[in-house]
Amino acid sequence: MRQVIKVEKAQCCVFNNQINREIASLNGVYSVNVDNYKNEITIDHTTEVSFEMIAKKLEENGYKVISERERTHDSNNMNQEV
């Protein structure tokens, strides 16, 4: 499975290494990629790992996970401002 999670705060490379280790420590995670430009973290994992488990690890490490509802709300506001 592949999970792409939008986050409010993506840090520099030093923090990327830390979050990579934290997320990779979850059983079933086999790949983590942090994209600072898009504020996205892509995680490849087995079905053993849930979105909630990943989100909890991210939040424990200072990342705010942006929910689907928040993303939809933000994009609607952008469309209205244009």
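The values are calculated or read from the model by the stated rules, or taken from the named source; none is laboratory data. Keep in mind the model is a prediction, meaning the values are calculated, not measured. Reconstructed Cβ throughout: ideal geometry from the backbone, glycine too, with neighbour counts over all protein chains shown.
Given the criteria in a strand (DSSP E or B), of a type outside the set (Val, Ile, Thr) and modelled with pLDDT of 90 or more, does LYS56 qualify?
For LYS56, the condition - in a strand (DSSP E or B), of a type outside the set (Val, Ile, Thr) and modelled with pLDDT of 90 or more - is not met.
One line per residue, one yes/no per condition, for (1) out of contact with any Gly (no Cβ under 9 Å at 6 or more places or on another chain); (2) modelled with pLDDT under 85; (3) part of a loop (DSSP other than H, G, I, E, B); (4) at positive phi:
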residue: ALA10; (1), (2), (3), (4): yes, yes, yes, no
residue: ASN33; (1), (2), (3), (4): yes, no, no, no
residue: ILE43; (1), (2), (3), (4): yes, no, no, no
residue: TYR63; (1), (2), (3), (4): yes, no, yes, no
residue: HIS73; (1), (2), (3), (4): yes, yes, no, no
